[in-house]
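The values are calculated or read from the model by the stated rules, or taken from the named source; none is laboratory data. What you see is a predicted model, and the numbers here were worked out from it, not measured in a lab. Please note: Cβ atoms are built from the backbone with ideal geometry, for glycine as well, and neighbour counts cover all protein chains shown. Only protein heavy atoms, including side chains, enter the accessible area calculation; ligands, DNA and RNA are left aside. Shrake-Rupley method; radii C 1.70, N 1.55, O 1.52, S 1.80 Å.
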Amino acid sequence: MMTDEELKAQKEDAEDDLGFFSSNWDEILRIEWMTKEELEQAVDETLDDYIQACKKLNEK
C-alpha cells in the first residue's frame, strides 16, 4: 500500500506529465518522438495514475 506522500507524488507527477503532453502534443507528433496512438496511450495511462492517486487520497 502506498503512503500519502507516495500518492501525492504520483498525483503531482501525473499532473506534470499531462501538462507536458498538452503543451508539446503537436511537437511530439511533428518530430515523430511518439506516434499518435502511443501518445494517446501515454495520456490515458497518466490519467489512470492521476485518478487512482486521487481516489486513494480521498479514501483516507
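Positive-end ranking of 14, 52, 35 along the dipole of the chain, with charges on Cβ about the Cα centre, is headed by 52. Accessible area per residue for the stretch 1-44, computed on protein heavy atoms with a 1.4 Å probe, is 77 Å². Here is the P(r) of the chain: all C-alpha pair distances, binned every 5 Å from 0, give 4, 20, 25, 19, 13, 9, 7, 3, 0 in whole percents. Taking the chain as the reference, fit the longest principal axis to its C-alpha atoms, fit the long axis of helix 36-59 to the helix C-alpha atoms, and give the angle between the two in degrees, 0 to 90, nearest 10. Taking Cα atoms only, the helix is inclined about 10 degrees. As a fraction of the 1.4 Å probe accessible area of the chain, surface on carbon and sulfur atoms comes out at 47 percent. Against the main long axis of the alpha-carbon atoms of the chain, helix 4-30 sits at an angle near 10°.
This model, with +1 at the C-beta of Lys and Arg and -1 at the C-beta of Asp and Glu, gives the chain a dipole about its Cα centre of some 240 debye.
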